[in-house]
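First the structure, in the form of structure tokens, and then the observations on it.
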Amino acid sequence: MVLNWIWIAFFAIAFIACLGQSIFAGDLDVWSRVMNSSFDQAAFAFEISLGLTGVLALWLGIMKIGEKGGVIEFFGRLISPLFSRLFPGIPKGHPALGAIFMNVSANMLGLDNAATPMGLRAMQEMQKLNDKKDTATDAMIMFLVLNASGLCLIPISIMMYRAQGGAANPTDVFIPILLATAIATLVSLIILCIKQRIKIDTILLLWFAGIAAAVALVTWFFASLPADKVQVYSSFGANTILFCVIILFIIAGIRKKVNVYDTFIEGAKEGFKTAVMIIPYLVAILVAIGMFRASGALDIVTGAVERLVAACGVDTQWVGALPTMLMKPLSGSGSCAMMLDVMKANGADAFVSKLAACVRGSTDTTFYILAVYFGSVGVYKTRYAAGYALIADFIGAVAAVCISYFFFT
């Protein structure tokens with residue numbers, strides 16, 4: 001229901017913004033820009049789905065090997081003490097837990113191409129346990145918020161963008177991003193546990209403390225490296241782990257006497273079906289977002305906030321990163337474009353450019369995640385998923401601002 005009203009609001013606000021610009025600014029071309037954007041975004045949604053087809057086929061094929069080889073079940077048992085508490089509706093040892101673990105691990109390593117297929121696999125497994133196929137379960141919502149909060153230990157892409165932008169030290173945002181995304185994840189999980197009446201017992205607290213300790217350890221390790229080695233080692237570590245996972249799955253399949261090639265093909269076919277299924281959901285979300293942005297509504301909001309902040313006598317440096325903050329839940333490519341625009345206008349080493357990078361890495365793209373993951377299993381009654389995912393976005397943005405002021409001013 002929340003997502004329904006948010007979707008309607010995109011169109012309504014875009015229409016009002018167009019009216020305002022036509023009447024008060026005399027901009028009659030805004031209507032053409034908005035409609036052109038709708039066509040472009042619809043085509044873009046199809047391109048994304050087409051691009052995902054190969055990746056989904058690859059990773060769902062690999063996941064099928066891991067499932068029949070018993071590796072997914074093993075991972076499910078491994079993290080059962082944590083996930084059995086966060087996902088009480090999923091039986092212990094169920095394949096969904098292993099798929100969730102693989103998805104979270106890939107996200108933490110910054111491997112988006114691998115994380116999405118694994119996440120879709122997790123949603124398909126959870127849907128098998130769902131009595132109301134059109135309605136999101138508590139477990140699905142917990143999983144979606146966990147993804148939206150976007151805990152990422154190695155933000156490889158952002159460091160690459162900063163290097164391309166001419167930053168003197170492209171990795172200087174590494175630790176601030178790590179801290180911001182860890183705060184967003186831990187706080188949003190605790191809030192959602194309260195909402196779902198999940199008891200935060202000693203075991204759960206120990207796991208949360210362990211996650212915090214892992215973040216601190218990664219922070220210490222990369223802080224001890226020379227600046228020019230951070231990106232090299234992070235990329236090497238993430239991709240080496242991923243390749244080792246593929247080899248592990250194949251070895252496990254051979255050990256279980258599974259025909260790994262036929263099993264891969266079986267899983268790859270599921271990937272193709274999934275890619276086709278998510279097209280309508282992506283079109284719906286991306287068209288609404290594109291029209292909202294093209295109408296100038298985003299610029300109007302940003303300008304109003306800047307004037308309000310200035311009137312309150314508060315430092316306005318952070319407002320330059322506001323478009324990245326507002327676009328982040330809506331569009332990954334859009335927020336990336338906003339971040340690059342800030343870097344181009346102010347220089348890669350300006351405070352606002354570093355802040356925009358921290359915001360970009362603090363959480364994941366909420367509405368894309370909602371559209372793709374729920375769309376892959378035909379769930380359209382998302383309950384409170386969108387609201388709590390946006391809370392995670394808000395926490396991540398606030399944390400990014402505070403941490404950036406501490407590190408860069």
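The values are calculated or read from the model by the stated rules, or taken from the named source; none is laboratory data. Just so it is clear, the structure is predicted and the values come from calculations on it, not from any experiment. Here the Cβ positions follow ideal geometry from the backbone for every residue, glycine too, while neighbour counts run over all protein chains shown.
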Failed item in (1) surrounded by fewer than 17 Cβ atoms within 10 Å (Cβ to Cβ); (2) part of a helix (DSSP H, G or I); (3) of a type outside the set (A, V, I, L, M); (4) modelled with pLDDT of 90 or more, with PRO88 passing the rest: (2)
Positions within the stretch 379-396 being modelled with pLDDT of 90 or more and farther than 25 Å from ILE183 by Cα, in sequence order: VAL379
Test: residue in the stretch 397-404 that is over 24 Å from VAL276 (Cβ atoms), at pLDDT 90 or above, within 14 Å of the chain's Cα centre (by Cα) and part of a helix (DSSP H, G or I): yes
Test: residue in the stretch 223-238 that is surrounded by 15 or more Cβ atoms within 10 Å (Cβ to Cβ), within 18 Å of MET118 (Cβ to Cβ) and in contact (Cβ under 8 Å) with a residue 40 or more places away in the chain: yes
The stretch 34-73: number of residues that are more than 25 Å from PHE101 (Cβ to Cβ), at pLDDT 85 or above and crowded, with 16+ Cβ neighbours inside 10 Å: 4
From LEU204, LEU186, LEU217, residue being loosely packed, with under 13 Cβ neighbours inside 10 Å and assigned to a helix (DSSP H, G or I): LEU217
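Of these, LEU192, LEU248, which one is in a helix (DSSP H, G or I), closer than 29 Å to ARG85 by Cα, over 23 Å from the mean Cα position of the chain (by Cα) and not β-branched (Val, Ile, Thr)?
On the way: LEU192 fails: over 23 Å from the mean Cα position of the chain (by Cα).
Unique residue meeting the criteria: LEU248.
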Residue match in the stretch 133-155 (condition: among the acidic types (Asp, Glu), touching a strand residue (DSSP E or B) at 6+ places or on another chain (Cβ under 6 Å), touching a residue at least 60 places away in the same chain (Cβ under 8 Å) and surrounded by fewer than 24 Cβ atoms within 10 Å (Cβ to Cβ)): yes
Failed item, numbered, when GLY98 is tested on (1) in contact (Cβ under 8 Å) with a residue 60 or more places away in the chain; (2) of a type in the set (Gly, Ala, Ser); (3) in contact with a Gly (Cβ under 9 Å, 6 or more places away or on another chain): (1)
